[in-house]
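Asker: The structure is given below, and queries will be raised subsequently.
All of the numbers you see were taken from the coordinates with simple rules; none came from a lab. Being a predicted model, the structure only gives us computed values, none of them experimental. With ideal geometry, Cβ positions are generated from the backbone for all residues, glycine too; neighbour counts draw on all protein chains shown.
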Amino acid sequence: MKYNRIMPGAKSVYFEDCIKGEFIGVDFGINEDISAYLSDNPAPFKEKYRPVFLKNRPDKSLVAAGLACGAIWTVCHSLKKGDIVLCPDGSGDYYIGEIDSNYYYVAGEILPHRRKVKWKKRPIRRSDMSESLSNSSGSILTTCDLTKYNDEIQNLILGDNALPIISNDSTIENASEFALERHLEDFLVKNWTKTVLGKNYDIYEIDGEMVGQQFPSDTGPIDILALSKDKKTFLVVELKKGRVSDSVVGQIQRYMGFVKQDLAEEHQNVKGVIIGFEDDIKIHRALSVTTNIDFYKYKVDFNLYK
């Protein structure tokens, strides 16, 4: 089951329409039924509709066009019946719904590319979320994959804010180590300029807005996406809050492939960084045959001062 926050129009302008009409949808100026181009491979869809988006919005970049097409594909195809959507009302509440139909098109209406949704009666408040979930759900992008927070979201739906210490990530070998480092991603983003990575890279921005945290890709969200200060190199950062399994190498390579094919221009290259609490011979063996992925260990110091 997937969990995804979907923005119903800019600043949730169509929130009430979605709740009353029991649907969620997207627009982006593509005024035709897109059923024939929805498949498990998003590439043909993006190839078809990027030019359509740019024709309607010549002020936007190729990257913005790719993100728009990715959002449409996610809402209309990637999410399945039974998946959960979080819809912000613009004032701090998130309404929870279950997708209840396949894609359908409503010509001449707002957010014409739609899915039926069964909305739950009681919303959850952003103020009740953990800092990490709150930051991720507050992304300015149209869609945001929140599946890794499924346990917390279910607790909030049930009205139980006592979060269990659980890691469903198969690439983390020690869940107890994961628990202490729950906020590593937010800490790293807030202190980015003080890190060794921040000396040469800036967290990725579009139109002056920082979008590089939990950046959406067609194989899952990228923890942190950065761009070198000379604009020549993208950096994909994958955080593992515990002992790192060698399977993370394949995971970050998928993200890097997405960036190379969908974001990078001809003069730009892509590098990767894995950050974890501990390494072992397996991760070293896997990285020994790669030339563009580095591994960093982090250390947390906990002290009390009177």
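Asker: Can you give the alpha-carbon Rg of the chain over 2.2 N^0.38 Å, where N counts its residues?
Answerer: 1.02
Asker: How are the C-alpha pair distances of segment 178-285 spread across 5 Å bins, as whole percents from the shortest bin up?
Answerer: It works out to 2, 12, 23, 24, 21, 12, 5, 1, 0, in whole percents.
Asker: Å³ per residue of the Cα convex hull, for segment 3-158?
Answerer: 112
Asker: Can I ask one more? Helix 43-56 against the longest principal axis of the chain: what's the angle in degrees, Cα atoms only, rounded to the nearest 10?
Answerer: Value to nearest ten degrees: 60.
Asker: So if R0 is 41 Å, what FRET efficiency would Lys282 and Ile140 give, r being the distance between their Cβ atoms, rounded to the nearest 0.05?
Answerer: Approximately 0.60, to the nearest 0.05.
Asker: Distance in nm between label sites at Asn56 and Asp33, each 7 Å beyond Cα in the beta-carbon direction?
Answerer: Once both label points are built, they end up 1.8 nm from each other.
Asker: Hey, another quick one. Run the reach check for Lys232 against aspartates and glutamates, Cα to Cα strictly under 17 Å, same-chain hits fewer than 8 apart removed. What comes back?
Answerer: Hits, sequence-local ones excluded: Asp202, Glu205, Asp262, Glu265, Glu266.
Asker: If each residue of separation counts as 0.36 nm, what is the full-extension length gain between Ile110 and His267 once their alpha-carbon separation is subtracted?
Answerer: Full extension of this stretch gives 52.6 nm more.
Asker: Continuing with this model, one more query. For a bin width of 5 Å, list the pair-distance distribution of segment 219-268 built from all Cα-Cα distances, rounded to whole %.
Answerer: Taking every Cα pair in segment 219-268, the percentages come to 5, 19, 29, 23, 14, 7, 3, 0.
Asker: Taking amide H positions as placed 1.01 Å from N in the peptide plane, with prolines and chain starts having none, which residues 5 or more places from Ile206, or on another chain, fall under 5 Å of its amide H?
Answerer: Sorted by chain and number, the residues that satisfy this are Val211.
Asker: Follow-up question, since we're still on this one. For Lys199, give me every one of the aspartates and glutamates with a C-alpha distance below 13 angstrom, ignoring sequence neighbours fewer than eight places off in its own chain.
Answerer: Asp230
Asker: Something else: Considering Cα pairs under 8 angstrom that are at least six residues apart, work out the relative contact order of the chain and quote it in whole percent.
Answerer: Worked out over the chain, it gives 14 percent.
Asker: Hey, which of these cross-link pairs are over 21 Å Cα-Cα: Lys81/Lys120; Lys48/Lys81; Lys80/Lys118; Lys148/Lys240; Lys20/Lys120?
Answerer: Lys48/Lys81
Asker: Something else: From the helices alone, meaning DSSP H stretches of at least four residues, give me the mean residue ellipticity at 222 nm for the chain, per-run term -39500 (n - 2.57), in deg cm²/dmol to the nearest 500.
Answerer: After summing the helix terms and dividing by residue count, I get -8000 deg cm²/dmol.
Asker: Once a ≥ b ≥ c are taken as the square roots of the eigenvalues of the Cα gyration tensor of segment 4-85, is the result rounded (a/c under 1.5), prolate (a/b larger than b/c) or oblate (a/b not larger than b/c)?
Answerer: Since a/c reaches 1.5 but b/c is at least a/b, the shape of segment 4-85 is classed as oblate.
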